[in-house]
Amino acid sequence: QVQLVESGGGLVQPGGSLRLSCAAPGSIFKSLRMAWYRQAPGKERDLVATITQGGSTYYADAMKGRFTISRDNAKNTVYLQMNSLQPEDTAVYYCNVHPPLVRCWGQGTQVTVSS
């Protein structure tokens, strides 16, 4: 099992913002595309965004213009800045590589958007 540690989740009102962080081992972080996923209650885990070693990004359609993925190569950390959050963004957010590896799933961080 490879330890990826997500943090930064919490309760936020609709329209609010959160920044998630994910610390990964250097061997993983430096060699592979990193990604954020999310799983809402009763739903499958979905891809949110990816970022390559060089900084090229991809976003799922529902996140475009609201979410920004970034990485700090010196800290082996990937971030997800989430703005204009809506109740439908409520989910457990996970980081992993892309495509995901089973051994890299962590505990995730809960994001709840509610008034």
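The values are calculated or read from the model by the stated rules, or taken from the named source; none is laboratory data. The structure displayed is predicted, hence computed values, not measured ones. Because the Cβ atoms are built from the backbone with ideal geometry, glycine has one as well, and the counts that use them run over all protein chains shown. When the accessible area is computed, the model is the full protein with side chains, heavy atoms only, and any ligands, DNA or RNA have been set aside. Shrake-Rupley method; radii C 1.70, N 1.55, O 1.52, S 1.80 Å.
Computed from label points 7 Å out along Cα-Cβ, the spacing between SER114 and SER7 is 2.5 nm.
Treating only the Cβ atoms of Lys and Arg (+1) and Asp and Glu (-1) as charged, compute the dipole magnitude of segment 1-75 about its Cα centre; round to the nearest 20 debye. Before the final figure, lay out each step's value.
Numbers: 10 positive and 5 negative charges, 23 e Å.
Dipole size: approximately 120 debye.
Across segment 6-115, the mean sequence separation of Cα contacts (distance under 8 Å, 6 or more residues apart), normalised by length, yields a relative contact order of 38 percent.
Taking the chain as a whole, the Cys residues whose C-beta sits 4.7 Å or farther from every other Cys C-beta are CYS104.
Shape analysis of segment 47-108 based on the Cα gyration tensor places the equivalent ellipsoid semi-axes at 19, 15, 11 Å, largest first.
With a probe of 1.4 Å, find how much accessible area the chain has per residue, and write the answer as a whole number in Å². Write out the running numbers ahead of the final one.
Working: 5890 Å² over 115 residues.
Counting only protein heavy atoms, the per-residue value for the chain is 51 Å².
Shape analysis of segment 8-73 places it in the prolate category; the axes a ≥ b ≥ c from the Cα gyration tensor give an a/c of at least 1.5, with a/b above b/c. Taking 7 Å steps out from each Cα toward its Cβ at ASP46 and ALA74 produces label points 3.6 nm apart.
By the helix-only formula, in which each DSSP H run with n ≥ 4 contributes -39500 (n - 2.57) and the sum is divided by residues, the chain has a 222 nm mean residue ellipticity of -500 deg cm²/dmol. For the pair GLN39 and SER17, the difference between a 0.36 nm per residue extended length and the Cα-Cα distance amounts to 6.1 nm. Bridges between two residues of the chain, per DSSP, are antiparallel at a rate of about 90%.
For the chain, with all protein chains in place and a probe radius of 1.4 Å, 49% of the accessible heavy-atom surface sits on carbon or sulfur.
Computed from the Kirkwood radius of its Cα pairs, the Stokes-Einstein diffusion coefficient for the chain at 10 °C and 1.306 mPa s stands at 114 µm²/s.
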